[in-house]
1. Looking at Ile153, is it touching a residue at least 60 places away in the same chain (Cβ under 8 Å), more than 22 Å from Met28 (Cβ to Cβ), among the hydrophobic types (A, V, I, L, M, F, W, C) and part of a helix (DSSP H, G or I)?
2. Specify the residue that is surrounded by the most Cβ atoms within 10 Å (Cβ to Cβ); the eligible residues are those in the stretch 188-225 that are farther than 21 Å from Asp272 by Cα, among the acidic types (Asp, Glu) and touching a residue at least 12 places away in the same chain (Cβ under 8 Å).
3. Would you point out which residue out of Gly58, Gly146, Gly68 is at pLDDT 95 or above, farther than 30 Å from Lys182 by Cα and not in a strand (DSSP E or B)?
4. Within the stretch 353-369, can one find any residue that is surrounded by fewer than 15 Cβ atoms within 10 Å (Cβ to Cβ), assigned to a helix (DSSP H, G or I) and within 19 Å of the chain's Cα centre (by Cα)?
5. Quick one: which of Ser203, Ser192, Ser188 is closer than 17 Å to Gly270 by Cβ and assigned to a helix (DSSP H, G or I)?
6. If you take just the helices (runs of 4 or more DSSP H) that sit entirely in the stretch 234-341, which of them hold at least 3 residues that are among the charged types (D, E, K, R) and more than 25 Å from Pro93 (Cβ to Cβ)?
7. Test of understanding: among Asp128, Asp168, Asp178, which residue is in contact (Cβ under 8 Å) with a residue 24 or more places away in the chain, buried (at least 19 other Cβ atoms within 10 Å of the Cβ) and part of a loop (DSSP other than H, G, I, E, B)?
8. Can we say Gly82 is buried (at least 18 other Cβ atoms within 10 Å of the Cβ) and more than 20 Å from Lys31 (Cα to Cα)?
Amino acid sequence: MKKVGVFFILIASIFTLFSCKNTAKSLMNVKISRDPDFGYVAIHADFKTLSLSELNLGDSLDFKFSNGYELKNIPYFDGYYGKKGDFMFVAYPTYTYPVLLKQYEENIFDLGHLTENDTVTISLNKKDGFKDYQEAFSIKYSNDRGSFAGDEIFANYRNIALGNIKPDRLYRAASACDNTAKRAPYVSDLMSKDKIDYVFDLSNTKEKLNQYALADLTPEYWKTLYNKNKVFDCKMSPNFYSSEIYSSVKKLCDGIIDNNGKYLFHCFEGKDRTGFVAILLEALCGASFDEIETDYFITYKNYYNLTKESELNRYQLYRFVRLFPMTNHIIGKEADDDATKEDLYSGAVNYLNKCGLTSERIKALIDKLTK
């Protein structure tokens, strides 16, 4: 009976394989480019074009590039719903074009030896092939201030006073200068109210910050700080596994150590890169895992009204695919390990050593945040 069962499973698998192959159809051939912020492969098909081609979130797609490089059975998502090494085609709500990437690993441009002269043919592999995964993870937020109960919630703005961090010393938020999501004026006004002295931007280069400084619509308080050389360009890759971010972390830490006052750091949403740096600094200053988790998920409550009480299953998904990998990377553990009882302080110290901070500088950083 077991052999018969295995035989039928094998036959079913072969049938499925050929069914997918025979029903796959080419839907479009479009240009590609290297995404300027993260280096992903930007696919030059807007969301309307994708929809008209009968592609839906949760579908499985095939990609064949003009140089011969191919990727098959790639999920089409509206967010980064995968772990390290997962391929994804992501139509993030604020992006001009969807992007193709390998989560936290090799850049596909380099992996596939692509150039911006190449094109890509997109085909449907399997309808709704990843629909369950898309529906389990998918969460969206509004950029309408009227949809939020307060300015702090809309701006994802808050003081971090966990562990031994002194109250009114360290803050996090969404971007204070990039107003794509209409949050920058609110962040800037809250910074002015709290008399923030220094800003560490994890999402923009010096050249980009110069452009914001010259733009009429950029908030005035941010401009005031920038013109006093109190805004630091600490552009950081979203790939927190990469050693390339060590220099960005060091620049932020050096900026705190060498200057007295109140500090705020942010990326675009104040969610992922900001979340990683928050975990690192909180762990360094004696915060427990429970405290770190609470602060991390305030962002999800602010943007999506997602809490442990409102949607436990989805909360746990994000806990395991976002919070655990970040925390475990800092402490040198596998992504799926349970970090709740680990020595977070020692892990943070070791990580900062890798970033180039000496023991004396790390002590100085702790003193600046806690005394």
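1. In short, yes.
2. Asp189
3. Answer to the selection: Gly68.
4. Checked the stretch 353-369: no residue is surrounded by fewer than 15 Cβ atoms within 10 Å (Cβ to Cβ), assigned to a helix (DSSP H, G or I) and within 19 Å of the chain's Cα centre (by Cα).
5. Details: Ser203 fails: assigned to a helix (DSSP H, G or I); Ser192 fails: closer than 17 Å to Gly270 by Cβ.
Going through Ser203, Ser192, Ser188 in turn, the sole match is Ser188.
6. Working: elements: 246-257, 273-284, 289-304, 312-318, 324-331.
Where helices (runs of 4 or more DSSP H) fall fully within the stretch 234-341 and carry at least 3 residues being among the charged types (D, E, K, R) and more than 25 Å from Pro93 (Cβ to Cβ), they are 246-257, 289-304.
7. On the way: Asp128 fails: buried (at least 19 other Cβ atoms within 10 Å of the Cβ); Asp168 fails: buried (at least 19 other Cβ atoms within 10 Å of the Cβ).
After applying the criteria, what remains is Asp178.
8. Criteria met by Gly82.
The values are calculated or read from the model by the stated rules, or taken from the named source; none is laboratory data. Given the structure is predicted, the values throughout are model-derived calculations rather than measurements. Neighbour counts run over all protein chains shown; Cβ positions are idealised from the backbone, glycine included. Ligands, DNA and RNA are excluded from the accessible area calculation, which covers all protein heavy atoms including side chains. Shrake-Rupley method; radii C 1.70, N 1.55, O 1.52, S 1.80 Å.
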